[in-house]
Amino acid sequence: MNQMQVAFIRAHNRIVDRLREDGATEADLFDEARRALSWHYQWLIVNDFLPVLAGPDLVDELAATGLRFYRPDGNPFIPLEFADAAYRYGHSQIRQLYQLRPDGPPHPVFPDLIGFCPVGDHQVDWALLFDVPGRPSAQRAKPIDGQLPRSLIDLPEAITGAVDDDAYRSLAARDLERGQATGLPSGEAVARLIGADVLTGHELDLRRHGWSGETPLWLYILRESSVRHEGDRLGEVGGRIVAEVLHGVIADDPESYLAVEPGWTPTLPARGEKYRLADLLVPSA
């Protein structure tokens, strides 16, 4: 994550150079570069990230008819259904091992990539994590299927602190406990509310584990993705929560490209037909 921050700083500096070439005054450089970089990132969320994660039809619907359930009323916020359930879908996608350099060894998430230390020989080649034209395909994330890698089921004490019960070393247990503590509705309750096709008991496949109640929202969203989309993207419940919140937060920002100039498109160069995050992280030569 700290190296991604550095990549964004470098993108900001590329925009500064371009603005200088275009004759921008020194007094305007920082504000204009900040705006341009923010707009590139916002555009990527709306036009690259969300269509892949939640489906292009839903993103097109939000652009055409607006939000149905997320109503910030001029004061954007992050709902608990997003923070403590839907956006935790990514925990299911984390790999056990990651290769950071083409000639380097695979690294387990913990302890090798725990952070809080110098980068050293762990400098990331972003083409190994994001597809870059002309380079081999990047490493793939795991499916959104509710199965976490061993490194997240047995978190190190540096992450969890001392625990009395080994179950609390599991990120899955922590995600479920968080949803219980914040009083989140069940996945079935949210599905009924938004008019989604509720998962059947067979699709949820929890009864064989002794579970007879409705499904915790986090787990429901993972199962929905797995059985309805083979883990490649979120389903109706997860996709609706994530897409409406992220799209809504951007649209409600009076300085965002959606608020100021919704037809705007990225000005930094793209390798393919469409600008993608890899173009921001790995600039073309």
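A few points about this structure:
- Global geometry of the chain, whether rounded, prolate or oblate, following the gyration tensor of its Cα atoms and the 1.5 cut on a/c: oblate
- Rounded to the nearest 10 degrees, the angle from helix 236-251 to the longest Cα principal axis of the chain is 30 degrees.
- Sum of side-chain charges, Arg34 neighbourhood, beta-carbon under 12 Å (Lys, Arg +1; Asp, Glu -1): -3
- Using the Cβ-Cβ distance between Asp165 and His209 with R0 set to 22 Å, the FRET efficiency from 1/(1 + (r/R0)^6) comes to roughly 0.70.
- Local electrostatic count, Pro185, Cβ distance below 12 Å [Lys/Arg +1, Asp/Glu -1]: -3
- The listed peptides 202-212, 6-16, ordered by packing as a protection proxy, come out as 6-16, 202-212 (highest mean of other Cβ atoms within 10 Å first).
- Local net charge near Val119, Cβ-Cβ under 15 Å (Lys/Arg +1, Asp/Glu -1): -1
- Only DSSP H runs of four or more residues enter the estimate; each adds -39500 (n - 2.57), and after division by the residues of the chain the mean residue ellipticity at 222 nm equals -12500 deg cm²/dmol.
- Take each peptide in 238-248, 166-176, count the other Cβ atoms within 10 Å of every residue, and average; sorted highest first, the result is 238-248, 166-176.
- Inter-part distance, segment 153-167 to segment 44-120, computed on C-alpha centroids, equals 24 Å.
- Rounded tilt (10° steps) of 2-21 against the dominant C-alpha axis of the chain: 30 degrees
- Folded to 0 to 90 degrees: helix 56-65 orientation relative to the chain principal axis, Cα: 70 degrees
- Computed extension length for Leu97-Ala64: 7.8 nm, one decimal, from 0.36 nm per residue of separation with the Cα-Cα distance subtracted.
Since every read-out is calculated from the coordinates, none of them should be taken as a lab result. Not measured: the values here are computed from a predicted model. A quick note on method: Cβ atoms are made from the backbone with ideal geometry, for glycine too, and the neighbour counts reach across all protein chains shown.
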